[in-house]
1. With the requirement that a residue be assigned to a loop (DSSP other than H, G, I, E, B) and touching a residue at least 12 places away in the same chain (Cβ under 8 Å), what does the range 128-144 give you?
2. Of all the residues that make up the range 99-127, how many are under 19 Å from residue 73 (Cβ atoms), assigned to a loop (DSSP other than H, G, I, E, B) and over 14 Å from the mean Cα position of the chain (by Cα)?
3. Of all residues in the range 77-87, count the ones that are surrounded by fewer than 16 Cβ atoms within 10 Å (Cβ to Cβ) and within 16 Å of residue 144 (Cβ to Cβ).
4. Does the range 72-85 hold any residues that are touching a residue at least 12 places away in the same chain (Cβ under 8 Å) and either out of contact with any strand residue (DSSP E or B) (no Cβ under 6 Å at 6 or more places or on another chain) or over 21 Å from residue 140 (Cα atoms) (or both), and which are they?
5. Of everything in the range 88-126, what is loosely packed, with under 13 Cβ neighbours inside 10 Å, in contact (Cβ under 8 Å) with a residue 12 or more places away in the chain and under 18 Å from residue 142 (Cβ atoms)? Give them in sequence order.
6. It is to be established whether one or more residues within the range 87-96 are assigned to a strand (DSSP E or B), out of contact with any helix residue (DSSP H, G or I) (no Cβ under 8 Å at 6 or more places or on another chain) and at pLDDT 95 or above.
(Lines give C-alpha, C1' and ligand atoms only; values in the text may rest on other atoms or scores of the structure.)
Protein backbone atom coordinates (compact mmCIF):
# COMPACT_ATOMS: atom_id res chain seq x y z
CA UNK A 1 0.00 0.00 0.00
CA UNK A 2 1.21 3.49 -0.78
CA UNK A 3 0.91 6.10 1.96
CA UNK A 4 1.32 9.78 1.12
CA UNK A 5 1.53 12.22 4.02
CA UNK A 6 0.91 15.93 3.40
CA UNK A 7 2.55 18.48 5.64
CA UNK A 8 3.42 22.16 6.01
CA UNK A 9 6.34 24.01 7.52
CA UNK A 10 6.57 27.12 9.74
CA UNK A 11 6.42 29.36 6.67
CA UNK A 12 3.22 27.71 5.40
CA UNK A 13 4.96 25.86 2.57
CA UNK A 14 3.57 22.46 1.62
CA UNK A 15 5.54 19.25 1.62
CA UNK A 16 4.72 15.59 1.16
CA UNK A 17 6.36 12.27 1.90
CA UNK A 18 5.60 8.85 0.41
CA UNK A 19 5.95 5.55 2.24
CA UNK A 20 5.25 1.99 1.22
CA UNK A 21 3.50 -0.35 3.63
CA UNK A 22 3.82 -4.05 2.86
CA UNK A 23 0.67 -5.09 4.72
CA UNK A 24 -1.81 -7.17 2.76
CA UNK A 25 -4.97 -5.55 4.14
CA UNK A 26 -6.20 -1.97 4.31
CA UNK A 27 -7.00 -2.39 8.02
CA UNK A 28 -3.40 -3.38 8.80
CA UNK A 29 -2.08 -0.48 6.72
CA UNK A 30 -4.28 1.97 8.61
CA UNK A 31 -2.93 0.63 11.90
CA UNK A 32 0.65 0.94 10.64
CA UNK A 33 0.02 4.42 9.24
CA UNK A 34 -1.41 5.61 12.56
CA UNK A 35 1.69 4.33 14.37
CA UNK A 36 3.94 5.96 11.77
CA UNK A 37 2.19 9.33 12.15
CA UNK A 38 2.49 9.17 15.93
CA UNK A 39 6.21 8.38 15.72
CA UNK A 40 6.83 10.92 12.96
CA UNK A 41 5.13 13.71 14.90
CA UNK A 42 7.55 13.01 17.76
CA UNK A 43 10.64 13.51 15.58
CA UNK A 44 9.50 16.08 12.98
CA UNK A 45 8.46 19.67 13.46
CA UNK A 46 6.25 19.73 10.37
CA UNK A 47 2.51 20.09 10.71
CA UNK A 48 0.92 16.96 9.22
CA UNK A 49 -2.32 17.98 7.51
CA UNK A 50 -3.55 14.86 5.73
CA UNK A 51 -2.75 11.41 4.46
CA UNK A 52 -3.75 9.21 1.56
CA UNK A 53 -3.67 5.44 1.58
CA UNK A 54 -3.73 3.73 -1.82
CA UNK A 55 -3.95 0.02 -2.43
CA UNK A 56 -2.60 -0.73 -5.88
CA UNK A 57 -2.88 -4.50 -5.51
CA UNK A 58 -6.56 -5.14 -4.90
CA UNK A 59 -8.72 -5.15 -8.03
CA UNK A 60 -12.41 -5.34 -7.19
CA UNK A 61 -13.59 -5.62 -10.79
CA UNK A 62 -10.61 -6.42 -13.00
CA UNK A 63 -12.64 -6.88 -16.19
CA UNK A 64 -14.59 -4.07 -17.85
CA UNK A 65 -18.07 -4.80 -19.17
CA UNK A 66 -18.22 -5.11 -22.96
CA UNK A 67 -19.42 -1.91 -24.60
CA UNK A 68 -18.74 0.30 -21.59
CA UNK A 69 -17.33 3.70 -22.54
CA UNK A 70 -15.39 5.83 -20.05
CA UNK A 71 -16.58 8.97 -21.84
CA UNK A 72 -20.20 8.22 -20.92
CA UNK A 73 -21.40 9.05 -17.43
CA UNK A 74 -24.44 9.36 -15.24
CA UNK A 75 -25.17 11.95 -12.61
CA UNK A 76 -26.76 11.02 -9.29
CA UNK A 77 -28.35 13.87 -7.33
CA UNK A 78 -28.30 13.46 -3.55
CA UNK A 79 -30.20 15.43 -0.91
CA UNK A 80 -27.86 16.39 1.92
CA UNK A 81 -28.44 16.76 5.67
CA UNK A 82 -27.70 20.50 5.46
CA UNK A 83 -30.56 21.05 2.98
CA UNK A 84 -28.35 21.29 -0.10
CA UNK A 85 -28.11 18.91 -3.03
CA UNK A 86 -24.93 17.38 -4.44
CA UNK A 87 -24.50 16.15 -8.02
CA UNK A 88 -22.22 13.10 -8.15
CA UNK A 89 -20.77 11.91 -11.49
CA UNK A 90 -20.33 8.17 -12.04
CA UNK A 91 -18.31 7.26 -15.15
CA UNK A 92 -19.12 4.43 -17.56
CA UNK A 93 -22.58 3.24 -16.44
CA UNK A 94 -22.99 -0.54 -16.73
CA UNK A 95 -24.33 -1.97 -20.00
CA UNK A 96 -25.49 -5.33 -21.24
CA UNK A 97 -25.33 -5.92 -25.00
CA UNK A 98 -24.83 -2.18 -25.57
CA UNK A 99 -27.94 -1.18 -23.55
CA UNK A 100 -27.64 0.63 -20.23
CA UNK A 101 -28.61 -1.67 -17.35
CA UNK A 102 -30.57 0.90 -15.33
CA UNK A 103 -30.95 3.98 -17.54
CA UNK A 104 -34.02 4.32 -19.75
CA UNK A 105 -34.71 7.39 -21.87
CA UNK A 106 -31.76 9.15 -20.20
CA UNK A 107 -33.20 8.70 -16.68
CA UNK A 108 -31.50 6.54 -14.03
CA UNK A 109 -33.78 4.05 -12.27
CA UNK A 110 -32.97 5.07 -8.70
CA UNK A 111 -34.88 2.03 -7.40
CA UNK A 112 -32.52 -0.41 -9.16
CA UNK A 113 -30.86 -2.64 -6.54
CA UNK A 114 -27.33 -1.84 -7.74
CA UNK A 115 -27.97 1.91 -7.80
CA UNK A 116 -29.54 1.74 -4.32
CA UNK A 117 -26.58 -0.26 -2.98
CA UNK A 118 -24.12 2.32 -4.37
CA UNK A 119 -26.14 5.27 -3.02
CA UNK A 120 -26.35 3.66 0.42
CA UNK A 121 -22.58 4.10 0.78
CA UNK A 122 -23.37 7.81 1.15
CA UNK A 123 -26.82 7.64 2.77
CA UNK A 124 -26.41 4.94 5.44
CA UNK A 125 -22.67 4.31 5.17
CA UNK A 126 -19.58 6.28 6.17
CA UNK A 127 -18.75 7.81 2.79
CA UNK A 128 -19.31 11.55 2.31
CA UNK A 129 -19.88 13.50 -0.91
CA UNK A 130 -19.50 16.79 0.95
CA UNK A 131 -17.05 17.08 3.85
CA UNK A 132 -18.80 16.57 7.17
CA UNK A 133 -22.31 16.33 5.66
CA UNK A 134 -24.20 13.07 5.21
CA UNK A 135 -26.47 12.37 2.25
CA UNK A 136 -30.07 11.73 3.24
CA UNK A 137 -31.59 10.49 -0.03
CA UNK A 138 -30.94 9.80 -3.69
CA UNK A 139 -33.26 12.25 -5.43
CA UNK A 140 -32.77 11.48 -9.13
CA UNK A 141 -30.25 10.49 -11.74
CA UNK A 142 -29.70 11.12 -15.43
CA UNK A 143 -27.39 10.23 -18.28
CA UNK A 144 -24.78 12.84 -19.09
CA UNK A 145 -25.27 14.24 -22.58
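1. First, pick out the residues of the range 128-144 that are assigned to a loop (DSSP other than H, G, I, E, B): 128-129, 131-132, 134, 144.
Listed by number, the residues that qualify are 129, 134, 144.
2. Total satisfying the criteria: 7.
3. 1
4. 72, 84
5. 89, 91, 106, 114
6. yes
The values are calculated or read from the model by the stated rules, or taken from the named source; none is laboratory data. Just so you know, these numbers come straight off a predicted model, no measurement behind them. Here the Cβ is made from the backbone with ideal geometry for all residues, glycine too, and neighbour counts use every protein chain on show.
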